[in-house]
Amino acid sequence: VWAAEEPFEYCVQAGGVPNQAGVDAQRAKMAMLGWEARVREREQNGSTGYRVRVGPFSKRDDAEQLKEKLEGAGVESAMVRVQR
């Protein structure tokens, strides 16, 4: 029996960073841990915030494992679920 594909993808967000210098530092830290991170800008209340994310992962378990690894390395992180 084949498992149905989940209707979501999962990313791991490595903390929110308020400025470009923080983004560069967070991306460098992720690269040193062996993960390629993508940066997304978000306009909120007239200011720009940045999100540093790894993924997407098709399986929630894969994202959860990465989240645990990042937290073990001292990186505050959160799992983000995105509709496919």
- prompt: Measuring from the lowest to the highest alpha carbon on each principal axis, how far does the range 20-60 reach, largest first, in angstroms?
  reply: 33, 24, 10
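Local charge sum around LYS67 (other residues, Cβ-Cβ under 11 Å, Lys/Arg +1, Asp/Glu -1)? Numbers along the way, then the final one.
Working: positive: ARG60, LYS69; negative: ASP61, ASP62, GLU64, GLU68, GLU71, GLU76.
Around LYS67, the surrounding residues sum to -4.
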- prompt: About the Cα centre of the chain, what is the dipole size in debye to 20, counting +1 per Lys and Arg Cβ and -1 per Asp and Glu Cβ, all else neutral?
  reply: 160
statement: Within the under-12-Å Cβ sphere about GLY15, not counting GLY15, Lys/Arg +1 and Asp/Glu -1 give a net charge of +3
- request: For the chain, find the longest principal axis of its Cα atoms and tell me its angle to the long axis of helix 60-72, 0 to 90°, nearest 10.
  value: 40
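By how many nm would the segment from ARG38 to ARG81 lengthen if fully extended, with 0.36 nm per residue of separation less the alpha-carbon distance?
This chain segment gains 13.9 nm when fully extended.
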Mean residue ellipticity (222 nm) of the chain, computed from DSSP H runs ≥ 4 via -39,500 (n - 2.57), nearest 500: -10000 deg cm²/dmol
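Provide the per residue accessible area, probe 1.4 Å, for the chain, rounded to a whole number of square angstrom.
Accessible area per residue: 70 Å².
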query: For the chain, what relative contact order do you get, as a whole percent, if you take Cα pairs closer than 8 Å and at least 6 residues apart?
result: 45
task: Using only Cα atoms, find the angle between the long axis of helix 20-32 and the longest principal axis of the chain, and express it within 0 to 90 degrees, rounded to the nearest 10.
output: 40
message: For TYR10, TYR50, give me the order by solvent-accessible area with a 1.4 Å probe, most accessible first, ignoring ligands, DNA and RNA.
response: TYR50, TYR10
- line: For the chain, the percent of accessible surface on carbon and sulfur atoms (probe 1.4 angstrom, ligands and nucleic acids excluded) is 47
- request: Find which of PHE8, GLN65, GLN20 sits farthest along the positive direction of the dipole of the chain, computed with +1 on the beta-carbon of Lys and Arg, -1 on that of Asp and Glu, about the Cα centre.
  value: GLN20
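Take the Cα pairs of the chain, get the Kirkwood Rh, then feed it into Stokes-Einstein at 37 °C and 0.692 mPa s and tell me D in µm²/s.
244
The values are calculated or read from the model by the stated rules, or taken from the named source; none is laboratory data. Please read these numbers as outputs of a predicted model, since none were measured by experiment. No Cβ is skipped: glycine too gets one built from the backbone with ideal geometry, and neighbour counts run over all protein chains shown. Only protein heavy atoms, including side chains, enter the accessible area calculation; ligands, DNA and RNA are left aside. Shrake-Rupley method; radii C 1.70, N 1.55, O 1.52, S 1.80 Å.
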